[in-house]
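S.K.: I'd like to ask you about the structure that follows.
The values are calculated or read from the model by the stated rules, or taken from the named source; none is laboratory data. Model, not experiment: these values are computed from the prediction. A quick note on method: Cβ atoms are made from the backbone with ideal geometry, for glycine too, and the neighbour counts reach across all protein chains shown. For the accessible areas, the whole protein counts, side chains as well, though only heavy atoms, and no ligand, DNA or RNA atoms are used. Shrake-Rupley method; radii C 1.70, N 1.55, O 1.52, S 1.80 Å.
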Amino acid sequence: MITIMKIKKRAIVFLRGLLLLAIISSSSCLSQIKSEGKNKHFSFATDSTKASLDLVETLMEELMKLPDTPPGMSVAVSSNDEIIFAEGYGYSNLSTKQRVTPKTQFRAASVSKIITVTALAKLMEEDKLNVNGFVHEYLPNYPKKAHPFTIKQLSGHLSGTPHYSNKDKVEARHYHSVEEALDVFSHIPLLSKPGDTYRYSTHAYTLLSRVMEKASNKSFLNLLKEDVLKPLSMRSTGPHEINNPTKDMTALYNVHRDGINKRLHTKIIYPENPSYKWAGGGLISTPSDLVKMANSYMNGFIKTKVVDAIFETQRLNSGEATGVGIGWRQNWDMDNRRIYEHAGAMEGTRTVVSLFPDQKLAISVMGNAMALWRIEETAHMLALPFLTVATPLVQPKGIAKLSIMALNREGKQVKKNGTLILDGEHDRIIIDSDTENEQAYKLIYMQRDNTYALIHPHGILYTEISLDNDAVSGKTMYYASANVTKPSKGIPFFQFNGILKNEN
């Protein structure tokens, strides 16, 4: 069996050749890629090669093969304020077989909150709004609550304002103004004293948008258009007008989890009208527009002191950090790179936008069904090829019977058996081998040390596989956001070990 030292020596020689090839071929790669199809939009940053682009394409193509994945998805990546990758996958309409393109619009769901926060940032920058001021200073006629709360608490889900509940007075109609939409929840008391508890709330953002209207003397939608969408050339972003759909808007789908329609995609015929929650979950966009927005936090469009204030985690009255600033959630990838991001989910969509401020890179992923629960990790794995230079090692081959410790739904570790198959072409890990509960997951080598991507119904998951003589070990992570500690220090989704045997 090949030892680790031999693997590393071979890898150095291989890497030198790979880098030389990249330099020689980089000038011809762009024209080759652009010619592959009119729906592909690629360009090159200094640290991006055709191999990286091909790897992202492979990851997405494998993910789209799973029956649990939305019918259509779209991905965009920007580096140093330039979009270097934008691609659509699958279908925006299954009936007509219309393909997703980079222009396809999706419901932004709760990523709408970050678009709202970007407008809020401009109001902060212009001293038109004080986030430490109390909401009632701007809205004296809003129903008084048991305790006053600040705009900052409202934006960080610390105000006690309720989320959706059976006490809501939502009507199946179009809401013509934000003030009108306040009637949905303004009668409900606070659920906790402001600052005592983190309680996620979309209604809080409807209330926030009304504060922004008062501070700016503009309607919320006009404020977005004038202060954010137009300056950032976000031409595909705006309210989801149910009764006046745009030509690029995707159809919306359900992916059924159980019953006779399990894993089938069915079109949502009468989607919810989100006009009562534009700011918190009612906008539409594209990944390309969302990375433009993310870039505004790194390219000077928003002043540094405002960006710092928005990203800084808020704290409970106890002093405990929430991992959430003004809208944005803090996180790290498995290599401990800082990330600020937000994900969204509602009927007919799953979305995320993630930015890596230290690397000046942003990525957004959007889909047309509420699936792919680990979309943050998926975005991190898709970003990885653009964040690092390939450092491939000669990968082991063989089959290993595994002892696996896996997390169950209650968060407890349980012992399972499995099989690891590494053949360089159909790498996979099988859990509960040879039982009725058998689950097989494809592995794709990321060309970076011992890192693999595991293609899971919930998303693309970070996986490590290490070899010491014939002993193989590894782990797969599952972490989402927000986080107050680095996910790399967390308990693995599953970890495994065994003896690798060459079957040739």
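S.K.: Based on the Cβ-Cβ distance of residue 81 and residue 51, what FRET efficiency does E = 1/(1 + (r/R0)^6) give at R0 = 22 Å, to the nearest 0.05?
M.R.: Numbers: r = 23 Å, r/R0 = 1.06.
After rounding to 0.05, the efficiency reads 0.40.
S.K.: Express in nm, to one decimal, how much length is gained between residue 125 and residue 428 on full extension, taking 0.36 nm for each residue of separation and deducting their alpha carbon distance.
M.R.: 104.0 nm
S.K.: Given a Förster distance of 35 Å, report the FRET efficiency between residue 165 and residue 226 from their Cβ-Cβ distance, rounded to the nearest 0.05.
M.R.: Efficiency, rounded to the nearest 0.05: 0.55.
S.K.: Continuing with the same structure: So how far apart, in nm, are the two label points at residue 260 and residue 177 if each is 7 Å from Cα heading toward Cβ?
M.R.: Going by the 7 Å Cα→Cβ label model, 4.9 nm.
S.K.: Ok, one more. In Å², what does the accessible area per residue of the chain work out to with a 1.4 Å probe?
M.R.: For the chain, the solvent-accessible area averages 44 Å² per residue.
S.K.: Also, quick follow-up: Report, to the nearest whole %, how much of the accessible area of the chain belongs to carbon and sulfur atoms, 1.4 Å probe, protein only.
M.R.: The C+S portion of the solvent-accessible surface of the chain is 50 percent.
S.K.: Determine the gain in length on full extension of the stretch residue 304-residue 412; use 0.36 nm per residue of separation and subtract their C-alpha separation, reporting nm with one decimal.
M.R.: Here the answer is 34.6 nm.
S.K.: At q = 0.18, 0.22, 0.30, 0.31 Å⁻¹, what is the log10 ratio I(q)/I(0) for the range 409-451, with the Debye formula run over Cα points and no solvent?
M.R.: Reported log10 I(q)/I(0), two decimals: -0.65, -0.83, -1.03, -1.06.
S.K.: I'd like the per residue volume of the convex hull spanned by the Cα atoms of the range 340-416, given in cubic angstrom.
M.R.: Looking at the range 340-416, the number lands at 166 Å³ per residue.
S.K.: In this model, which of 128/214; 401/475; 128/218; 415/486 are farther than 19 Å apart at the alpha-carbon?
M.R.: Pairs exceeding the cut-off: 415/486.
S.K.: Taking a probe of 1.4 angstrom, what is the accessible area of residue 496 in Å², to the nearest 10?
M.R.: Its heavy atoms expose roughly 10 Å² to the probe.
S.K.: Between residue 468 and residue 191, how high is the FRET efficiency from 1/(1 + (r/R0)^6) when r is the Cβ-Cβ distance and R₀ = 51 Å? Nearest 0.05. Let's see the in-between values first.
M.R.: On the way: r = 52 Å, r/R0 = 1.02.
With a Förster radius of 51 Å, E is 0.50.
S.K.: Still on this model: Using alpha carbons only, how many angstrom separate the centre of the range 70-129 from the centre of the range 398-455?
M.R.: 33 Å
S.K.: What does the convex hull of the alpha-carbon atoms of the chain project to on average, in nm²?
M.R.: 24.9 nm²
S.K.: Over every pair of different alpha-carbon atoms in the range 107-212, take the mean of 1/r and invert it; report that Kirkwood radius in Å.
M.R.: The Cα-based Kirkwood calculation yields 14.2 Å.
S.K.: As an exercise, identify the trypsin sites (Lys or Arg not before Pro) in the range 70-141 lying in DSSP coil whose Cβ has no more than 11 other Cβ atoms within 10 Å.
M.R.: When the trypsin sites (Lys or Arg not before Pro) of the range 70-141 are filtered for loop state and at most 11 Cβ neighbours within 10 Å, 97 remain.
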